[in-house]
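> Have a look at this one before I ask anything.
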Amino acid sequence: MLKTLLKIENLHASVEDKEIIKGLHLEIKEGEVHVIMGPNGAGKSTLANIIMGHPDYIVSEGHIYFEDEDITQEKTNERARKGLFLSFQAPEEIPGITMENFLKTARAAVTGQEVKAYAFHKEILAKMKELQMEESYASRHVNVGFSGGERKKSEIFQMLMLNPKLAILDETDSGLDVDAVKTVSSGINQFKNDQNAILIITHNTRILDQLHADFVHVLIDGKIVKTGNADLIEQITATGFASMESALGK
Ligand SMILES: Nc1ncnc2c1ncn2[C@@H]1O[C@H](COP(=O)(O)OP(=O)(O)OP(=O)(O)O)[C@@H](O)[C@H]1O
Ligand SMILES: [Mg+2]
């Protein structure tokens with residue numbers, strides 16, 4: 001039987017006293033690829049941040065479970081240690097810390113084990129090659145001076161190095177050129193196995209050309225209003241979200 005990795009039950013959450021997530025349910029099992037689509041401002045990035053435990057967001061009702069453990073109130077570093085990973089919609093710069101040192105620290109924190117510098121360096125170079133990133137990025141400060149597309153690639157690079165159980169990718173494909181989309185999707189394909197899972201938040205589905213989506217969810221106004229298989233993407237592309245909103249009586 002497939003193991004459930006993430007289970008969200010009746011989640012309500014707010015930021016600055018404004019309720020953004022309004023009763024959301026979601027279950028992700030190992031081996032699955034889930035896609036969340038929805039209009040701007042619907043709460044997709046907010047949901048991703050809440051799953052990771054961002055301190056600005058207050059959960060007022062409901063629960064988040066990871067591998068059957070209630071993590072609703074857990075700190076972000078604990079969640080990362082358990083195998084959760086978020087690739088940000090807008091990755092931030094971390095001046096003063098090189099990519100390599102950042103990843104070494106993250107790997108040690110996530111695994112709780114000492115990282116052997118030489119072997120790690122070799123691993124980094126191999127992964128960078130797969131993602132067609134220049135070696136010099138390993139010694140550059142995290143995201144400082146990176147182009148928009150390079151930042152997204154560097155997020156996927158971090159995912160491959162940390163090998164999480166559940167990777168949440170928030171608009172990782174936006175701003176990537178056609179070749180970079182292919183490189184990034186093959187990086188994701190390589191990461192994917194039957195013991196991990198991916199949650200992709202996206203507005204365009206080029207990234208899914210090479211990656212089969214098992215479930216597609218439509219998130220509108222803080223709730224998942226429709227779930228289907230990959231065919232739902234075509235329907236969304238053809239009719240937009242408005243028809244689904246009107247079905248809700250809005
Ligand atoms: N830290 C915050 N402070 C104030 N408002 C916030 C904060 N985070 C999110 N919001 C609000 O919550 C709502 C949902 O935002 P969110 O970023 O989750 O949307 P989204 O679905 O990811 O949209 P997009 O497709 O444009 O990325 C928006 O109205 C946004 O302004
Ligand atoms: Mg967003």
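The values are calculated or read from the model by the stated rules, or taken from the named source; none is laboratory data. Everything quoted here is computed from the prediction, not taken from an experiment. Cβ coordinates were reconstructed from backbone atoms using ideal geometry, including for glycine residues, and neighbour counts include every protein chain displayed. The area values use the complete protein model at the heavy-atom level, side chains included, leaving out ligands, DNA and RNA. Shrake-Rupley method; radii C 1.70, N 1.55, O 1.52, S 1.80 Å.
> Can you tell me how many residues in region 135-171 are part of a helix (DSSP H, G or I) and in contact (Cβ under 8 Å) with a residue 24 or more places away in the chain?
Going through region 135-171, the residues part of a helix (DSSP H, G or I) turn out to be 135-139, 148-162.
Next, from what is left, pick out any that are in contact (Cβ under 8 Å) with a residue 24 or more places away in the chain: 137-139, 148-149, 151-162.
Number satisfying all stated conditions: 17.
> Then there's this: Give region 152-164 a look and list any residue that's within 11 Å of the chain's Cα centre (by Cα) and under 15 Å from residue 82 (Cα atoms), or say none.
Once the filter is applied, which keeps residues that are within 11 Å of the chain's Cα centre (by Cα) and under 15 Å from residue 82 (Cα atoms), region 152-164 yields 159, 164.
> What about residue 74, is it modelled with pLDDT of 95 or more and closer than 30 Å to residue 16 by Cβ?
Numbers: modelled with pLDDT of 95 or more: yes; closer than 30 Å to residue 16 by Cβ: yes.
The answer is yes for residue 74.
> Another question, then. Within region 23-59, can you find the residues that are more than 10 Å from ligand 2 (Cβ to nearest atom), of a type outside the set (A, V, I, L, M, F, W, C) and open to solvent by 60 Å² or more (accessible area, probe 1.4 Å)?
25, 27, 29, 54, 55, 56
> Test residue 73 against the criterion of being open to solvent by 60 Å² or more (accessible area, probe 1.4 Å), of a type outside the set (Gly, Ala, Ser) and within 16 Å of ligand 1 (Cβ to nearest atom), and give yes or no. Break it down into steps so the answer makes sense when it comes.
Working: open to solvent by 60 Å² or more (accessible area, probe 1.4 Å): yes; of a type outside the set (Gly, Ala, Ser): yes; within 16 Å of ligand 1 (Cβ to nearest atom): no.
No: the conditions fail for residue 73.
> Condition first: touching a residue at least 12 places away in the same chain (Cβ under 8 Å), assigned to a loop (DSSP other than H, G, I, E, B) and within 12 Å of ligand 1 (Cβ to nearest atom). Now tell me which residues in region 31-54 satisfy that.
So in region 31-54, the residues touching a residue at least 12 places away in the same chain (Cβ under 8 Å) come out as 31-39, 42-54.
Imposing the further condition that a residue be assigned to a loop (DSSP other than H, G, I, E, B) reduces the set to 31-32, 38-39, 42-43, 53-54.
Correct list: 38, 39, 42, 43, 54.
> Now for a separate question. Where residues in region 207-220 are more than 20 Å from residue 196 (Cα to Cα) and either touching a strand residue (DSSP E or B) at 6+ places or on another chain (Cβ under 7 Å) or aromatic (Phe, Trp, Tyr) (or both), which of them is farthest from ligand 1 (Cβ to nearest atom)?
Only one residue tops the list, namely 218.
> Next up: Please specify each residue of region 55-70 satisfying the condition of being within 13 Å of ligand 1 (Cβ to nearest atom) and of a type in the set (Asp, Glu). Give the derivation first.
Just the residues of region 55-70 that are within 13 Å of ligand 1 (Cβ to nearest atom), to begin with: 55-58.
Answer for region 55-70, where residues must be within 13 Å of ligand 1 (Cβ to nearest atom) and of a type in the set (Asp, Glu): just 56.
> Considering 168, 198, 156, which residue is within 16 Å of ligand 2 (Cβ to nearest atom) and under 30 Å from residue 41 (Cβ atoms)?
Numbers: 198 fails: within 16 Å of ligand 2 (Cβ to nearest atom); 156 fails: within 16 Å of ligand 2 (Cβ to nearest atom).
When all the criteria are applied, what remains is 168.
> Can you name every residue in region 172-202 that is touching a strand residue (DSSP E or B) at 6+ places or on another chain (Cβ under 7 Å) and open to solvent by 20 Å² or more (accessible area, probe 1.4 Å)?
Answer for region 172-202, where residues must be touching a strand residue (DSSP E or B) at 6+ places or on another chain (Cβ under 7 Å) and open to solvent by 20 Å² or more (accessible area, probe 1.4 Å): just 192.
> Do you know which residues across region 119-136 are open to solvent by 30 Å² or more (accessible area, probe 1.4 Å) and either within 24 Å of residue 175 (Cα to Cα) or in contact with a strand residue (DSSP E or B) (Cβ under 9 Å, 6 or more places away or on another chain) (or both)?
Applying the first criterion (open to solvent by 30 Å² or more (accessible area, probe 1.4 Å)) to region 119-136 yields 119, 121-123, 125-127, 129-130, 132, 134-136.
Once the filter is applied, which keeps residues that are open to solvent by 30 Å² or more (accessible area, probe 1.4 Å) and either within 24 Å of residue 175 (Cα to Cα) or in contact with a strand residue (DSSP E or B) (Cβ under 9 Å, 6 or more places away or on another chain) (or both), region 119-136 yields 127, 129, 130, 132, 134, 135, 136.
> Of all residues being open to solvent by less than 60 Å² (accessible area, probe 1.4 Å) and over 23 Å from residue 166 (Cα atoms) in region 97-118, which is farthest from the chain's Cα centre (by Cα)? Just the residue, please.
Among those that are open to solvent by less than 60 Å² (accessible area, probe 1.4 Å) and over 23 Å from residue 166 (Cα atoms), it is 117.
> Limited to region 1-22, what total is found for residues that are touching a residue at least 60 places away in the same chain (Cβ under 8 Å) and crowded, with 20+ Cβ neighbours inside 10 Å?
Going through region 1-22 one residue at a time, the tally reaches 4.
> If residue 92 meets every condition in (1) closer than 27 Å to residue 203 by Cβ; (2) surrounded by fewer than 12 Cβ atoms within 10 Å (Cβ to Cβ); (3) in contact with a Lys or Arg (Cβ under 8 Å, 6 or more places away or on another chain) apart from one, which number is that one?
(3)
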